[in-house]
């Protein structure tokens, strides 16, 4: 099902909208010129994921050294702070922590480097949870979310 | 064979140290009639059951007679905590620690090849501590740098102390955080204690703060070879602290992005703890569970804490370990940690 969320011109960078579809709640985010949609349900313990803060990747080369990426590519659940990649729904543990064994991360061939989780994750390892994400398009100046869920690694740009 | 990672000695009085002080500080001591407190800042009141009846050995002959001779000790590491809370004059503290190290060298280490020692260093002036580590760092009989677990107003992971930790690591010296210390520093997060019981208990509380600070403030990525011995601070607290520390770090890692692995990984890689005092359950099944949770065979190093008396916990611990684990705690963990050849 395709849901019209808002007029694109009313949806400023940094904004988010939460839409209710059937019994599902989906958060639609605009980061720069990109739109993302993610299920408003944290796979950890069911918290309202889309009420959380967005954050950039953080890097450090030693005590007191901080670098952050430009874009807010992550969404943190307000309940326990689990962070998810807005584009893929992939959760990430702290830096260097091994992923839970039962979960496998695959990198599809031909994928653009910016989508490669090994490069995007800034030293952090994929966690056990993946939040549902949905394609978002801008059609005739309206932001439209498609409730057909997509797997990780897919994103529609404006 | 056994290695004792925490045995105590102390000068009988400050007069013992006069030959190791220069003329200015001799005059300072004698002019002010300065003394050394036998209770070391409230740590060991001479009549308290924890202080032990034998008294702290003042001479190597006394230590030989009471601890070394007839034992299976291959090494005993001397920790002289005398200067932990003597003075707030940073220049005197530097002179006093230097004098104690020279006394240890001349009157102890020269006289028994089983002895090793922690070098005492100033806490008020990190630069002076670095200078003392540089001065003595090549004498392999000093196996560690001794710091009071109850330090000053900042914890040891703070960047103020990084040069001290760095100098120790550069010389291959362990840094030993030993129970007790500065009585003017509040020992708990809610302030000062009101009884000896609370003070005695507080070492295990303070040490958790120091462990947290050293890991959270990124010391071990900067100094991957640094090793920390936790002496006389207990260890039964480790599972609860680390469970919580690992869990909270997953959510709050962003504030400390230099922490690159789970706090518990840093802990078991960089820290060892001495076996005295051992706060453990008496029930055999519960004791076995505690040993497993604590990862005792990896973490612990035998210590007599002579002459202090913390009850029979450490004996029960050793009795609960199988042969290989008991050997690790008695000998091999310390031999590896301190790089001591047999």
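The values are calculated or read from the model by the stated rules, or taken from the named source; none is laboratory data. None of these values were measured; they are calculated from a predicted model. Note: ideal-geometry Cβ built from the backbone for every residue, glycine included; neighbour counts use all protein chains shown.
Note on the stretch A:56-75: residues that are in a strand (DSSP E or B) and more than 8 Å from chain B (Cβ to nearest Cβ) total 4.
Determine, yes or no, whether residue B:271 is closer than 24 Å to residue B:150 by Cα and within 14 Å of chain A (Cβ to nearest Cβ). I'd like the intermediate steps shown before the answer.
On the way: closer than 24 Å to residue B:150 by Cα: yes; within 14 Å of chain A (Cβ to nearest Cβ): no.
No; evaluated as a whole, the condition is false for this residue.
Among helices (runs of 4 or more DSSP H) lying entirely in the stretch B:283-342, which contain 1 or more residues that are over 27 Å from residue B:63 (Cβ atoms)? Steps first, answer last, please.
Numbers: elements: B:284-294, B:296-299, B:313-320, B:323-327, B:333-337.
Where helices (runs of 4 or more DSSP H) fall fully within the stretch B:283-342 and carry at least 1 residues being over 27 Å from residue B:63 (Cβ atoms), they are B:284-294, B:296-299, B:313-320, B:323-327.
Being farther than 16 Å from residue A:16 by Cα, surrounded by fewer than 19 Cβ atoms within 10 Å (Cβ to Cβ) and either away from chain B (no Cβ under 13 Å) or touching a strand residue (DSSP E or B) at 6+ places or on another chain (Cβ under 8 Å) (or both) is the filter here; which residues of the stretch A:39-55 pass it?
Filtering the stretch A:39-55 for residues farther than 16 Å from residue A:16 by Cα gives A:42-47.
Narrowing the set further to residues that are surrounded by fewer than 19 Cβ atoms within 10 Å (Cβ to Cβ) leaves A:44-47.
Across the stretch A:39-55, the qualifying residues are A:44, A:46.
The criterion of being within 14 Å of chain A (Cβ to nearest Cβ), surrounded by fewer than 22 Cβ atoms within 10 Å (Cβ to Cβ) and either in a strand (DSSP E or B) or touching a strand residue (DSSP E or B) at 6+ places or on another chain (Cβ under 6 Å) (or both) holds for residue B:254. Tallying residues that are modelled with pLDDT of 95 or more, more than 14 Å from every other protein chain (Cβ to nearest Cβ) and surrounded by fewer than 16 Cβ atoms within 10 Å (Cβ to Cβ) within the stretch B:182-225 yields 1.
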